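The values are calculated or read from the model by the stated rules, or taken from the named source; none is laboratory data. Values in this document were obtained by computation on a predicted structure and should not be read as measured data. Cβ sites come from the backbone with ideal geometry, for glycine too, and all protein chains shown count toward neighbours.
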């Protein structure tokens, strides 16, 4: 009896081992062929131990998450997402890599070291290995580039190189409603931060995003989203947008123009949304002191005019030129501390004081474009805390930048209007669908 039990146990163990081998083979086949479901064949003993016969068992195995790399006919493929707190060892283990040589190579090779330095959560990493875990190829997205860092094993051993990759452009349509802030609303709608920043730039000539936003303001946006191997990488350009602020609605459509015309955003009837001057020299901040003829100075402890606007922001926040122009002064000047003065077209100039420092190359005579960073928020001169002192001057006299009417850039000429409307018609349809969908959700 004991010998019979031993034979049964031995046969069972061999059947289990065969099932395990077939499982691994099925997984390899699933990766190579990328079929959704794979059938694995194995043998198992019956429950009645007195009559041991072999029977065929069919099991359906779900295909693991994989990504196909062109030219990988052999080996096992595995794709993993970098998790918060991951180390190179953690990632190797989840990718099924058991290869000390590859581990040491990535830690010591000048090019491959980038992988260990850029283990940011959310990255999709793909590896191809042998059955024993030896690394054959690893593909890792590079920060800030449309490129993959690839580690491959060849006849000469392991090699690492960067390879450019083509990005797929898709169009996304999203809507949102302001509850507390623009970024809070765009986060809730799943909109990338760079799209939110563009939204503020596009409508910044009509809406002061520091003080004009209201709870219940609504927006819809059509924008490009860039994908790499099916994974979203970053937001591209806004193609169309609508923003309702304090019950007044603004629309914008991107138009590349013809010939050498620089692309820009226009209203539905072809008016240029680009103002000659931005409303604010900071992307996002708060007004801590407005333009007034009588203010108690926090440092001098006296009442005096404050002929500018103060924007509170952390030290190092980028300060941008509000319009095209030429630097007239860049240096230290009395209570202004570090100061930049820019001369614009006509009678206009702007001043930026209390800066922590200047951008390299900013000096008298330097040409700057609207939106160029010229310096950084600081606390130099007569400043009680970190902020930017901003002045808008007409014929060298300070005026209130929050109240002055800003001139617009030229509209489209009549010859381009028809082309503009034809190109933007599909965007209008996308925008309208988004608006109707948002209204239905609100109604329910």
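Some observations on this one:
Yes or no, residue by residue, for (1) in the same structural domain as residue 432 (by TED's automatic domain parsing); (2) free of Cβ contacts under 8 Å to residues at least 24 places away in the same chain; (3) assigned to a loop (DSSP other than H, G, I, E, B):
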position: 128; (1), (2), (3): no, no, no
position: 138; (1), (2), (3): no, no, no
position: 143; (1), (2), (3): no, no, yes
position: 151; (1), (2), (3): no, no, no
position: 158; (1), (2), (3): no, no, no
position: 175; (1), (2), (3): yes, no, no
position: 180; (1), (2), (3): yes, no, yes
position: 185; (1), (2), (3): yes, no, no
position: 190; (1), (2), (3): yes, yes, yes
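- Exclusive hit being at pLDDT below 90 and either in the same structural domain as residue 185 (by TED's automatic domain parsing) or over 23 Å from residue 212 (Cα atoms) (or both), set 343, 367, 395: 395
- Selection within the stretch 75-103 - without any contact (Cβ under 8 Å) to a residue 24 or more places away in the chain and exposed (fewer than 15 other Cβ atoms within 10 Å of the Cβ): 85, 89, 90, 93, 100
- Helices (runs of 4 or more DSSP H) fully within the stretch 68-126 counting 3 or more residues that are in the same structural domain as residue 136 (by TED's automatic domain parsing), under 22 Å from residue 229 (Cα atoms) and modelled with pLDDT of 85 or more: 88-94, 113-117
- Flag for residue 269 being outside any loop (DSSP other than H, G, I, E, B) and either at pLDDT 80 or above or within 19 Å of residue 398 (Cβ to Cβ) (or both): no
- For the stretch 340-353, the tally of residues that are without any contact (Cβ under 8 Å) to a residue 40 or more places away in the chain, part of a strand (DSSP E or B) and more than 14 Å from residue 278 (Cα to Cα) stands at 3.
- In the stretch 238-259, the count of residues that are part of a helix (DSSP H, G or I) and either touching a helix residue (DSSP H, G or I) at 6+ places or on another chain (Cβ under 7 Å) or in contact (Cβ under 8 Å) with a residue 40 or more places away in the chain (or both) is zero.
- Every condition in (1) assigned to a strand (DSSP E or B); (2) surrounded by fewer than 20 Cβ atoms within 10 Å (Cβ to Cβ) holds for residue 330 except the one numbered (2).
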